[in-house]
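The values are calculated or read from the model by the stated rules, or taken from the named source; none is laboratory data. Model, not experiment: these values are computed from the prediction. Note that each Cβ is placed from the backbone with ideal geometry, even for glycine, and that neighbours are counted across all protein chains shown. Side chains included, ligands, DNA and RNA excluded: accessible areas come from the protein's heavy atoms. Shrake-Rupley method; radii C 1.70, N 1.55, O 1.52, S 1.80 Å.
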Amino acid sequence: IETPILLTNTLSVGTSADALVQWYIKKHPEIGAKHDVVIPIVGECDDSWLNGITGQHIKDHHVFEALDTASDGPVQEGNVGGGTGMITCDFKGGLGTSSRKLDKDLGGFTIGVLVQSNFGRLSDLRMGGIPIGPILAPDYEQLSKRTSTYGSIIAVIATDAPLLPSQLDRLSKRSALGIGRAGSIAAHGSGEIVIAFSNSNTVKRESRKMYHRMYMLRDSHMDPLYEAVIDATEEAILNAMCMAEEMTGINQNFAPALPLDKVRRIIETYRLK
């Protein structure tokens, strides 16, 4: 990974990738001459239920603005950025994030997950193992008309644990278990895409040295990270739904917001059982 990771809709991948390259060349004009080229990373989800996607409304200046204003700190969730047109289990979805920090005796590592959540049917939705979707279904019969375009979900995992690429691959597969907890069945036509990176080991893009020394976590100590990434992924999806607001899109297609008061009562009822 040598560029920022951009998240957008399916038909805006080309524009986003081109704009990202332009942005890099402006900052580093030696690219392609003195230095090697960069390979942009762009993730996409299909938001065509709400978005007039063939209009390709994302332009270069939107990408430039996103890159120029990117910062650390709290992440906006819900109907923002690439999450604007996303749907999750027939309710409004979007961007969501969550993180976990391991105890000191487990390494004290932090793991964060950001999702662009866009998958599933109402009947699949689960929250903490509670069948929220089937319970809410009688009140949302109108959602049954959405019989296609079940989209995808992208999860981006960041950690300061010193992991090798093979370990990051294994971590990504566990993230998929968190997506499944929320109700995804990885349906045909849906892409559950996960990308993970570690910022623990600093690697120079160019070096005259033949060897590079780096630290790695023993595989036998990976289990706490697996548990953390599963929990954080599930919570990130639920955060996206809880923060999203209802939206009417193209062709008057409607995605309601998750009814938080009803969900709260359902969860409280289950806790009393």
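Treat the stretch 211-273 as a sphere of radius equal to its Kirkwood radius over Cα pairs and apply Stokes-Einstein at 25 °C in a medium of 0.890 mPa s; give the translational diffusion coefficient in µm²/s, rounded to a whole number.
Numbers: Rh = 15.8 Å.
It comes out at roughly 155 µm²/s.
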Mean ellipticity per residue at 222 nm, deg cm²/dmol - from DSSP H runs of n ≥ 4 across the chain, formula -39500 (n - 2.57): -9500 deg cm²/dmol
Pick from Asp46, Asp36, Asp72 the residue whose mean-square fluctuation is largest in a GNM of the chain, springs joining Cα atoms under 10 Å. Asp72
Fluctuation leader among Ile39, Ile53, Ile132 - the chain, Gaussian network, Cα springs under 10 angstrom: Ile39
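For the pairs Lys26/Lys59; Lys101/Lys262; Lys92/Lys273, flag any whose C-alpha to C-alpha distance is greater than 20 Å. Don't skip to the end; give the middle numbers.
Working: Lys26/Lys59 17 Å; Lys101/Lys262 31 Å; Lys92/Lys273 29 Å.
From the list (Lys26/Lys59; Lys101/Lys262; Lys92/Lys273), the Cα-Cα distance tops 20 Å for Lys101/Lys262; Lys92/Lys273.
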Cα pair count fraction exceeding 30 Å, expressed as % - the chain: 34
Accessible area per residue of the chain at 1.4 Å probe, in Å²? 56
In sequence order, calculated HN-Hα J values of the stretch 50-59 (Karplus, 6.51, -1.76, 1.60; Hz; x Gly/Pro): 9, 9, x, 5, 6, x, 6, 6, 6, 10
Charge context of Arg174, other residues only, Cβ under 15 angstrom, K/R +1, D/E -1: -4
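How large is the translational diffusion coefficient of the stretch 167-230 in µm² per second when you combine the Kirkwood radius over alpha carbon pairs with Stokes-Einstein at 20 °C and 1.002 mPa s? Kindly include the intermediate steps, with their values, before the conclusion.
Details: Rh = 14.3 Å.
Value of D from the Cα-based Kirkwood radius: 150 µm²/s.
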From Cα coordinates alone, what are the radius of gyration and Dmax values for the stretch 1-128 in angstrom? 17.3, 55
At 1.4 Å probe size, with the rest of the protein present, what percent of the exposed accessible area of the chain is carbon and sulfur atoms? 53
Less than 21 Å apart at the alpha-carbon level, and either on another chain or at least 8 residues along: which lysines does that give for Lys209? Lys34
Once the Cα atoms of helix 13-27 and of the chain are each reduced to a long axis, what angle between those two axes, in degrees from 0 to 90 to the nearest 10, is obtained? 40
Mind putting together the pair-distance distribution for the stretch 102-197? All Cα pairs, 5 Å bins, whole percent per bin, short to long. 3, 12, 19, 19, 17, 12, 8, 6, 3, 1, 0
Return the single residue from Ala176, Ala187, Ala232 with maximal mean-square fluctuation; model: Gaussian network over the chain, springs between Cα atoms under 10 Å. Ala187
Give the lysines whose C-alpha is closer than 28 Å to that of Lys104, dropping any in the same chain fewer than 8 places away, or say none. Lys173
